[in-house]
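Student: Take this structure, written in structure tokens, and hold onto it; I'll ask about it next.
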Amino acid sequence: MPTLVHLADAKEAKKILKNGIKPGKYAPGVFFMPVSQDFFGSHQWLRELKRRRVKTFVGIYFRLNSKEEVWYGHFNEKHTQGHLGEGIRDFLNREDRLGYEFLIERKIEPAEITKVRHLPQGVGWRYVPHNHRKENLCVCPMCVSSGEINARKKINKVEPPEPRLPYPELLARLTTETDEYEVGNLFSQIKSRRRRSDPEELRFIIDRGELSDIEWLATALSSFKHPNALKMLLELCRYDEGEVRELSAEAILELKPGEAKDLLREFAHDPVVASLIS
């Protein structure tokens, strides 16, 4: 049975010894690494994890059967699901082991833990392996939290936002676009800012009759200040499809929060709408 290590806050060590290692609040399981002669490789995540403002990490060592089902692979690549022994073999056979990780989708029981060990706090890499620059090249929610300083700048540097198209161009493209994904992208750009223009220019979406497009239209109408936006939404509250009626009622709640319940009272007989104003 191979020995494995999970890095944890030293303050949690006693609790872990008593209750085991539980998956984190936002993690699908327990992350760990195999213990090998490559001490740096086995404990490589320590400095990166310290960026989450944990003062001292300890190693929680435990043992699992090599037939245990786990996920393994480089952190920014698609992971493989398989036996623990296969994952360790893949890890040890790699020339470059930095960035590798293992995940098991269950709690590690107290009986499986063998020891807790204090570790040198300077071991490992930061931000990304082999990179000494200070920008974070991984912008997933685990690496860049929404409340982090300059989070939006970091995300935009790695994943530059698409330039916003002028409204007339968005309208023109909607008249010919048939791909559902692209239609959604165009409506997302329309909804991204408040608009004073007359949304009646978008009535062709209703006339076209494509359900997913009409759902997008109902969502986007809440961004229009023009009186016809409310008129069109009330019209869509009578649409045959329940999803369209629900999205339209939600848009009215967003567009006219103070008046929405009175405006929607005539639709109280509709259980889809009634659930939103009750």
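The values are calculated or read from the model by the stated rules, or taken from the named source; none is laboratory data. This one's a predicted model, so the numbers in the text were calculated from it and none came from an experiment. Cβ sites come from the backbone with ideal geometry, for glycine too, and all protein chains shown count toward neighbours.
Student: Mind checking which residues of segment 64-79 are farther than 12 Å from ILE104 by Cα and assigned to a strand (DSSP E or B)?
Tutor: Selection gives GLY73, HIS74.
Student: Given the structure, is LYS231 closer than 14 Å to ARG203 by Cα and basic (Lys, Arg)? Let's see the steps before the verdict.
Tutor: Numbers: closer than 14 Å to ARG203 by Cα: yes; basic (Lys, Arg): yes.
Against the criterion (closer than 14 Å to ARG203 by Cα and basic (Lys, Arg)), LYS231 qualifies.
Student: Can you name the number of the only condition in (1) touching a strand residue (DSSP E or B) at 6+ places or on another chain (Cβ under 9 Å); (2) crowded, with 21+ Cβ neighbours inside 10 Å; (3) not aliphatic (A, V, I, L, M) that HIS226 fails?
Tutor: Going through (1) touching a strand residue (DSSP E or B) at 6+ places or on another chain (Cβ under 9 Å); (2) crowded, with 21+ Cβ neighbours inside 10 Å; (3) not aliphatic (A, V, I, L, M) one by one, HIS226 breaks only (2).
Student: Quick test for you: out of ARG238, ARG193, ARG203, pick the one residue that is in the same structural domain as GLU177 (by TED's automatic domain parsing) and outside any loop (DSSP other than H, G, I, E, B).
Tutor: Working: ARG238 fails: outside any loop (DSSP other than H, G, I, E, B); ARG193 fails: outside any loop (DSSP other than H, G, I, E, B).
One residue alone meets the criteria, ARG203.
Student: Let me ask you something else. Might you check whether a residue that is closer than 28 Å to PRO163 by Cα and surrounded by 14 or more Cβ atoms within 10 Å (Cβ to Cβ) occurs anywhere in segment 265-278? Explain how you work it out, then say what you get.
Tutor: First, the residues of segment 265-278 that are closer than 28 Å to PRO163 by Cα: none.
Checked segment 265-278: no residue is closer than 28 Å to PRO163 by Cα and surrounded by 14 or more Cβ atoms within 10 Å (Cβ to Cβ).
Student: Please find, among GLY82, GLY41, the residue that is part of a helix (DSSP H, G or I) and either of a type outside the set (Val, Ile, Thr) or within 24 Å of the chain's Cα centre (by Cα) (or both).
Tutor: GLY41
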